C-alpha cells in the first residue's frame, strides 16, 4: 500500500523528535508559506452569522473570524460566476480578461494565473470542486504561461454511495495529498449555494445541525413573504451551512497535518445570493463579499478591517507573501499591509462591472468606503437577476404580487424596474439596501463629481468601452426559460466583448 509522502515524513518526525517538540510547529522541507483559497458559489455576504445574519448557522466561519482578519469592505469585480473567478485568478478586471468578462467564456491564452505563477516557482497547485475557468488555445508557434494547476478534481466523492454533490467532498484529501517537499496552493471551490438546491436531500444532521426552519426566517427586503419564498430561502441557507461545515473540515485538517502555522487562508464568495437584487447586480448585495484572511503574518487575530479591498488584490497579496515577483498583468494591490495594520488604506476605490449573464447587460460601478456610483449602459433593460433566479419561487412570487396590484416596497419594485436610471448614487452607510438614489441631490454634488471622475479615469485607462452590439438575451426575462436560440453556424462568433476595440486584454494599468 502506498502512503502519501507527507504522512511518511510526519510519522518519521514523531519517531525521531523529542517528546516536547510539537509536530505542528515543524515546517516542511521547503518553508515557503502555503496558500488555501476557499470560494463559495452564490453566497451573499450578509448570510453569515458574523456578518450580521439573524438566521444563518455558520459556526465554523464565525469561529474563523476570531483567528484572522474579517474584511467588511471587500468587493468583487463581477457578480457572475466565471467572470468573477477569472478575475480572482488573473488579478484583472473582467473587461481586461476579454471574452471571460461574460459567463462561460475563456480567458485569453497569454494571461498568467496566480496559481500558474506559483507553480512555475516550485509550488504544487490543485483545484478541487467547481472549476468554471478556461483559457483560449495559443496560436501556432506561441507558448502560453504555465498552466494553473498540477491536478484538478470535481470535488465529488470517490465513493458513489456517499451523497454529496456540493463540490467539497475531497477538500480534505487535497490537503493530505500535497507533496511534503513542496509548498502548495489549493483552490477549493464549492457548488454550494448554487441552484438547484441539493443540500436538503443530502442533509447530515449530525454534521451540520438542524435545518433552517422557513417560518422563523427574517426575509431580505426584496422578497415577498409567502410560504414558497420562505422555503426557497431556507433551502439556500442550508447550502450555506453545509459550505460552512466543510470550511471547518479544511481548517481542522490543516491543523492536524501540522500546516496551519505556515498557511495563508482566504475564504470568500464569487457573487451575491441567487435571489432578486443579489447575483449579477451592481449593488452591495451583488458585489460585496465576505472575506476572511488568516496566516502567520496576521498580527491581530480576531480583528475586523473596514479597509476597502477588491478581489483582484488577492493575486498580488499571494505573490508578495510567497516572495515571488508578480507579473505585469496583475492590476490589483497587495493587502499585506493589512496583516500588521488593519486600518491601512489599500485603495481609494473599488470598481465592479456587469456584462452578459443570461441576459443582455452592461453596467459599471465604483465605490469608496461610503458611497456607491453606478453607470447603466443599457438603462432600458431591467436588472432582474440571472435566469435561475428568475425561475425561482422567490422571483415568481414577486412578479405575481406586482401583477396583482400589490404595493411593492422600493427594494421589491427595483427588481422589475425598466427603464432604469442611467446614473445612480447611494450612501452605503445611511442606505445599506441602496434604494434611495441621490444622483439629483445637490448636497451630494461633490461626491458625484469625485466618483464620476474616478469612473472615467478607470474606464479610459483600462481600455473599457461600450460596444454597439453585445450578446443578446438567451432566456425569457419573465419566466427564465431558455429562448432556444439556434446554434451558431461554423465560423460565426458572439459580438466582441467590451474593450475589444481598445485591446483591453493587453492593457495592464490599474486605472486608479
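Does residue 371 satisfy the criteria of being within 23 Å of residue 97 (Cβ to Cβ) and in contact with a helix residue (DSSP H, G or I) (Cβ under 6 Å, 6 or more places away or on another chain)? Step through it out loud before you land on a result.
On the way: within 23 Å of residue 97 (Cβ to Cβ): no; in contact with a helix residue (DSSP H, G or I) (Cβ under 6 Å, 6 or more places away or on another chain): yes.
So residue 371 does not fit the description; no.
May I ask you to list the residues in region 192-207 that are surrounded by fewer than 22 Cβ atoms within 10 Å (Cβ to Cβ), under 25 Å from residue 257 (Cβ atoms) and touching a residue at least 60 places away in the same chain (Cβ under 8 Å)? Break it down stepwise before answering.
Start the filter on region 192-207 by keeping residues that are surrounded by fewer than 22 Cβ atoms within 10 Å (Cβ to Cβ), which leaves 195-198, 200-207.
Next cut, under 25 Å from residue 257 (Cβ atoms) only: 204, 206-207.
Answer for region 192-207, where residues must be surrounded by fewer than 22 Cβ atoms within 10 Å (Cβ to Cβ), under 25 Å from residue 257 (Cβ atoms) and touching a residue at least 60 places away in the same chain (Cβ under 8 Å): there is none.
Can you tell me which of 240, 247 is closer than 18 Å to residue 170 by Cβ and crowded, with 22+ Cβ neighbours inside 10 Å?
Numbers: 240 fails: closer than 18 Å to residue 170 by Cβ.
Of the residues listed, the single one that is closer than 18 Å to residue 170 by Cβ and crowded, with 22+ Cβ neighbours inside 10 Å is 247.
Go through region 107-118 and give me each residue that's touching a strand residue (DSSP E or B) at 6+ places or on another chain (Cβ under 6 Å) and buried (at least 23 other Cβ atoms within 10 Å of the Cβ).
Of region 107-118, the ones touching a strand residue (DSSP E or B) at 6+ places or on another chain (Cβ under 6 Å) are 107, 109, 115, 118.
Of everything in region 107-118, those that are touching a strand residue (DSSP E or B) at 6+ places or on another chain (Cβ under 6 Å) and buried (at least 23 other Cβ atoms within 10 Å of the Cβ) turn out to be 107, 115, 118.
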Of everything in region 120-137 that's without any contact (Cβ under 8 Å) to a residue 60 or more places away in the chain and over 19 Å from residue 193 (Cβ atoms), which residue is surrounded by the fewest Cβ atoms within 10 Å (Cβ to Cβ)?
-> 137
Quick one: residue 140 ticks every box in (1) in contact with a helix residue (DSSP H, G or I) (Cβ under 9 Å, 6 or more places away or on another chain); (2) without any contact (Cβ under 8 Å) to a residue 40 or more places away in the chain; (3) surrounded by fewer than 16 Cβ atoms within 10 Å (Cβ to Cβ) except a single one, so which number is it?
-> (1)
Of residues in region 483-505 being touching a residue at least 40 places away in the same chain (Cβ under 8 Å) and over 25 Å from the mean Cα position of the chain (by Cα), the one surrounded by the most Cβ atoms within 10 Å (Cβ to Cβ) = 494
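Can you name the residue in region 213-231 that is assigned to a helix (DSSP H, G or I) and in contact with a helix residue (DSSP H, G or I) (Cβ under 8 Å, 6 or more places away or on another chain) and is also nearest to residue 417 (Cα to Cα) among such residues? So that I can check it myself, show each step before the final result.
Taking region 213-231 and keeping what is assigned to a helix (DSSP H, G or I), we get 214-216, 227-231.
Applying the additional criterion that residues be in contact with a helix residue (DSSP H, G or I) (Cβ under 8 Å, 6 or more places away or on another chain) yields 214-215, 227-231.
Working: 214: 28, 215: 29, 227: 25, 228: 23, 229: 20, 230: 23, 231: 26 Å.
Among residues in region 213-231 that are assigned to a helix (DSSP H, G or I) and in contact with a helix residue (DSSP H, G or I) (Cβ under 8 Å, 6 or more places away or on another chain), the one nearest to residue 417 (Cα to Cα) is 229.
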Can residue 319 be described as in contact (Cβ under 8 Å) with a residue 40 or more places away in the chain and surrounded by fewer than 24 Cβ atoms within 10 Å (Cβ to Cβ)?
-> yes
Of the listed residues (81, 101), the one being out of contact with any helix residue (DSSP H, G or I) (no Cβ under 9 Å at 6 or more places or on another chain) and closer than 16 Å to residue 279 by Cα is 81
Which residue, of 179, 157, 221, is in contact with a strand residue (DSSP E or B) (Cβ under 7 Å, 6 or more places away or on another chain) and surrounded by fewer than 21 Cβ atoms within 10 Å (Cβ to Cβ)?
-> 179
Which numbered condition trips up residue 56, out of (1) surrounded by fewer than 24 Cβ atoms within 10 Å (Cβ to Cβ); (2) part of a loop (DSSP other than H, G, I, E, B)?
-> (1)
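Which one of 242, 277, 230 is in contact (Cβ under 8 Å) with a residue 24 or more places away in the chain and under 30 Å from residue 427 (Cα atoms)? Write out each step before concluding.
Values: 242 fails: under 30 Å from residue 427 (Cα atoms); 230 fails: in contact (Cβ under 8 Å) with a residue 24 or more places away in the chain.
Checking each option against the conditions leaves just 277.
Can residue 160 be described as in the same structural domain as residue 60 (by TED's automatic domain parsing) and either under 30 Å from residue 407 (Cβ atoms) or at pLDDT below 95 (or both)?
On the way: in the same structural domain as residue 60 (by TED's automatic domain parsing): yes; either under 30 Å from residue 407 (Cβ atoms) or at pLDDT below 95 (or both): yes.
Yes: the conditions hold for residue 160.
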Evaluate the following for residue 122: is it over 14 Å from the mean Cα position of the chain (by Cα) and at positive phi?
-> yes
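The values are calculated or read from the model by the stated rules, or taken from the named source; none is laboratory data. Just so it is clear, the structure is predicted and the values come from calculations on it, not from any experiment. Cβ: placed from backbone, ideal geometry, glycine included. Neighbour counts: every protein chain shown.
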